[in-house]
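These notes are about the structure you will find just below.
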């Protein structure tokens, strides 16, 4: 007899797959606070996380959710690794993006972005596209429509509406739509093929959660019925985000994909161009699902080492 709990077309699998794209790897056109690490064991934990984790759920001592946090990791040449990371004069920062978040999260990112010689950003759009403040994303794009719907449901903000892309140090580092489609054609990829790869990941993770006695379905449906629906739904989704991030990482394996691998190649090609132009303080602002692959390339291809990690609060999950 077929076990309906593990059918790949279950609505929760569809939701999880689309959310992974919408929040961490989009191809659609309370205040952020850096975590302070004082104790040696916390510093060692942070060192182990650099390049390995990009999204995490922060909880208090009683395991009550406090925030969904996203990482910024700094990379330098090995000979500069012993110098204070804050005062470095030459570096590359990987800045993880969550495409919808709290207003304070985007305000903190805008503040930090002013310090870069060049800030490389993702957006599948024709070269020369001007992202005007508050423009948002179109509901004609399925992922854009989902982002807009979740923005309203969770009472948070959209990245394209809050990030100041008009700053002179912003540099487009992504495909145009035509280049994206050509890459997919060259790799013999299709959107349905990518979707079913994600579905496979979702089913595997769902089975693992079931074995551990967890139920993401119940969390989400309970949140939808809660009187504090926006916060409870944010908590339910935040619990899934670390596994959602790994779903996109699966697209950057040996076979790679246009979605992750090829777009990352373009971003790092632009990085080399900016370095050749004499830019020393560089940031790459990309969906968190892209950054494990970028970490490997910065270490292996560019010879850089990670030296510092900061966690920014993207979603405040505390009770009011």
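The values are calculated or read from the model by the stated rules, or taken from the named source; none is laboratory data. What you see is a predicted model; the values in this text were computed from it and never measured. Virtual Cβ from ideal backbone geometry, glycine too; neighbours counted across all protein chains shown.
Report whether or not residue 36 is surrounded by fewer than 20 Cβ atoms within 10 Å (Cβ to Cβ), in contact with a strand residue (DSSP E or B) (Cβ under 7 Å, 6 or more places away or on another chain) and modelled with pLDDT under 60.
no
Criterion first (loosely packed, with under 13 Cβ neighbours inside 10 Å, modelled with pLDDT of 90 or more and not in a loop (DSSP other than H, G, I, E, B)) does residue 111 satisfy it?
So residue 111 fits the description; yes.
Which ones in segment 144-170 are more than 18 Å from residue 133 (Cβ to Cβ) and either assigned to a helix (DSSP H, G or I) or at pLDDT 90 or above (or both)?
Scanning segment 144-170 gives 145, 146, 149, 150, 152, 153, 154.
Could you please give the count of residues in segment 49-83 that are under 19 Å from residue 303 (Cα atoms) and part of a loop (DSSP other than H, G, I, E, B)?
Final tally of qualifying residues: 7.
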